[in-house]
Amino acid sequence: MDKMTELQQNPTVRKIVSKLPLPIKLPTLVRRNAETDALRPLLGRRVLLTLAGAESAPIVRSLSDLGAGFILVGPESHVHGAADIARSAGRPTALASGTDAAAVTQALQASDPVDALILEVNAFGGPKQLFQLLQPNLQKLAKHCRVLLVSRLSKKPSVEEEANAEAVIGFVKSFAREVGTRAITANAIEIHHGCKPEAIASALSFFASDRARYVTSQRVKLTATESEVGGLSLQGEHAVVTGGARGIGAAIAQVLARQGAAITIVDLPNARDAGSEVAAKIVKGGGKAHFLPADVTNAAEISEMLKHASALLGEATVLVNNAGITRDKTFAKMAVEKWNQVIEVNYEAAVKTTEAFLALRGASQRPASVVYLSSVVGIAGNFGQTNYTLSKAAVIGHVRALARELKNKGVRVNAIAPGFIDTVLTREVPLLNREMGKQLITLLQAGEPEDIAEIVAFFASRAAAAVSGETLRVDGGMFIGA
Ligand SMILES: NC(=O)c1ccc[n+]([C@@H]2O[C@H](COP(=O)([O-])OP(=O)(O)OC[C@H]3O[C@@H](n4cnc5c(N)ncnc54)[C@H](O)[C@@H]3O)[C@@H](O)[C@H]2O)c1
């Protein structure tokens, strides 16, 4: 956490700042409990879950597996069966029958504040009903609550279905800003036709947890894929993380290892010491990891490195294309070397690394996942970063198209667009600019490398079986871009 965010947690500072005649909002620090059980991140959390579809049973099962307790609201025919599942898993459960705002309000008012609210919008009256569903209950959302508004789209969505799904996104984008001061996040979960019930369940469970703490204001699309559905564990996987010696890459390596994966950290030869240190930390914690030097822009080196890594730690099943650079200059003053270098590392090398990963995989039947690091500026643009934004936007298009190509081959492909993340590089931003920048983030604080790493770990896992071809902003809800 940066010094100013830390200072802003001090009660005296908060009192003084709140009295200043300035439009400054202070953040509630997002909850990053290192001690949280990574495979049961909902342990001790209270989830209000509205039930509508055939997925009720798997969703309750999946949330129970992660440790949640419940308030279940839905048709009489659904709630009792679902409650039996939760209770047999030993989870505290309350229930209310009904499919309207009154039932939700009644259940919430009878309860302590909830840590997650999963609301099937259309089954509970549609977007216009969000007023009755949420406004009387705002104080029943605990700090750090995860609000997930679920929409479903049929095979050929009707005009009304599409309008309703967009209405929910529009609502979420504004609502998230208003509740963000309490570190509450709000996201729209869009379930597309043919998505497997278990895949819906595992994705909802992840986004209901603190592991998704820095994702807010977003649309998460769940679609039909051929991928095998599973849990959040990465036990038995071998993940290759490029640029893993420091910053976000080092955090990714450590979080993937915490989830059970064996890790190959790849970085430039001059990052050997730092990379070996990250590997040593993982090994000390009981995991498997090693460092291999390679320049991702060198296709032959990458191919050799992947073969070597697989010989040492088994078939690589996860690839994280994280290595990236910036060489900022206005377009008018940009040297061609800087222009080329950024595109070659951030985009072309990532594509080549994926090609080598897929070539080595051959006809393997094991599910695999490739995750790329894009950037919010690849979506929104930024002054002085034409080369960088071109490269990061190219990644987004590449991911969308490649996912289509690999749809039936057991390989999912996704990207993460981080926002303002507290790293060595962003600490160099002048204080005033940093502070002004943070006022333009819904959660009013920079993210930590671990916040990005948690989402990489989700994409890498079989819990994300319904997500492919997507770029998810992990930016605390920055007010820039689409
Ligand atoms: N820090 C942020 O706020 C932020 C925001 C948006 C996107 N990102 C993206 O996230 C990724 C990680 O960013 P970071 O802030 O941790 O960067 P960083 O500079 O701290 O780390 C990048 C790592 O990549 C390695 N690398 C660079 N070129 C390489 C090459 N040719 N071959 C092998 N390794 C190479 C570097 O040695 C370094 O260890 C990057 O792709 C970046 O563009 C970062």
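The values are calculated or read from the model by the stated rules, or taken from the named source; none is laboratory data. Note that this is a predicted model, so its numbers are computed, not measured. We place every Cβ from the backbone using ideal geometry, glycine too, and count neighbours over all the protein chains shown. Just the protein is used for accessible areas: all its heavy atoms, side chains included, with ligands, DNA and RNA removed. Shrake-Rupley method; radii C 1.70, N 1.55, O 1.52, S 1.80 Å.
Points worth noting:
- Set side by side, the residues Ala394, Ala359, Ala403 differ, and just one is within 16 Å of Val342 (Cα to Cα), small (Gly, Ala, Ser) and in a helix (DSSP H, G or I), which is Ala394.
- Residue check, Ser468 more than 26 Å from Leu39 (Cα to Cα), buried (at least 24 other Cβ atoms within 10 Å of the Cβ) and not basic (Lys, Arg): no
Quick grid of which residues meet (1) more than 19 Å from Pro113 (Cα to Cα); (2) out of contact with any strand residue (DSSP E or B) (no Cβ under 8 Å at 6 or more places or on another chain):
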| residue | (1), (2) |
| --- | --- |
| Arg45 | no, no |
| Leu49 | no, no |
| Glu55 | yes, yes |
| Pro58 | yes, yes |
| Ser62 | yes, yes |
| Phe70 | no, no |
| Val73 | no, no |
| His80 | yes, no |
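- Evaluated against (1) modelled with pLDDT of 95 or more; (2) open to solvent by 10 Å² or more (accessible area, probe 1.4 Å); (3) away from the ligand (no atom under 14 Å from the Cβ), Lys409 falls short on exactly one condition, (1).
- Exactly one residue out of Arg462, Arg434 is open to solvent by 10 Å² or more (accessible area, probe 1.4 Å) and either out of contact with any Gly (no Cβ under 8 Å at 6 or more places or on another chain) or in the same structural domain as Ala188 (by TED's automatic domain parsing) (or both), and it is Arg434.
- Selection over the stretch 323-367 of residues that are of a type in the set (Ser, Thr, Tyr) and either in contact with an Asp or Glu (Cβ under 7 Å, 6 or more places away or on another chain) or more than 16 Å from the ligand (Cβ to nearest atom) (or both) gives a count of 2.
- Index of the failed condition, Leu319 passing every other in (1) open to solvent by less than 70 Å² (accessible area, probe 1.4 Å); (2) within 16 Å of the ligand (Cβ to nearest atom); (3) more than 25 Å from Lys409 (Cβ to Cβ): (3)
For every residue, the table says whether it meets (1) outside the structural domain of Val370 (by TED's automatic domain parsing); (2) touching a residue at least 24 places away in the same chain (Cβ under 8 Å); (3) in contact with a Ser or Thr (Cβ under 6 Å, 6 or more places away or on another chain).
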{"residue": "Ala271", "(1), (2), (3)": "no, yes, no"}
{"residue": "Lys281", "(1), (2), (3)": "no, yes, no"}
{"residue": "Ala316", "(1), (2), (3)": "no, yes, yes"}
{"residue": "Leu319", "(1), (2), (3)": "no, yes, no"}
{"residue": "Thr326", "(1), (2), (3)": "no, yes, no"}
{"residue": "Lys333", "(1), (2), (3)": "no, no, no"}
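- Taking the listed residues Val172, Val179, the one that is in a helix (DSSP H, G or I), in the same structural domain as Arg46 (by TED's automatic domain parsing) and more than 16 Å from Val121 (Cβ to Cβ) is Val179, with no other qualifying.
- Test: residue in the stretch 369-380 that is outside any helix (DSSP H, G or I), buried (at least 24 other Cβ atoms within 10 Å of the Cβ) and more than 13 Å from the ligand (Cβ to nearest atom): yes
- The set of residues in the stretch 262-282 that are away from the ligand (no atom under 11 Å from the Cβ), assigned to a helix (DSSP H, G or I) and closer than 20 Å to Glu301 by Cα comprises Asp273, Ser276.
- Of all residues in the stretch 238-256 being buried (at least 24 other Cβ atoms within 10 Å of the Cβ) and assigned to a strand (DSSP E or B), the one that is nearest to the ligand (Cβ to nearest atom): Thr242
- Counting the residues of the stretch 286-310 that are within 15 Å of the ligand (Cβ to nearest atom), of a type outside the set (Ser, Thr, Tyr) and assigned to a loop (DSSP other than H, G, I, E, B) gives 4.
- Considering the stretch 1-116, the qualifying strands (runs of 3 or more DSSP E), each wholly inside and each with 2 or more residues that are surrounded by fewer than 18 Cβ atoms within 10 Å (Cβ to Cβ), run over 93-97.
- First in the stretch 124-144 and open to solvent by 70 Å² or more (accessible area, probe 1.4 Å), second anywhere and of a type outside the set (Val, Ile, Thr) and in a helix (DSSP H, G or I), Cβ under 7 Å, 6 or more apart: Gln132/Ala101; Lys143/Arg182
- Here Ile441 fulfils each of the conditions (1) more than 15 Å from Thr5 (Cα to Cα); (2) open to solvent by less than 10 Å² (accessible area, probe 1.4 Å); (3) out of contact with any Cys (no Cβ under 7 Å at 6 or more places or on another chain) apart from (1).
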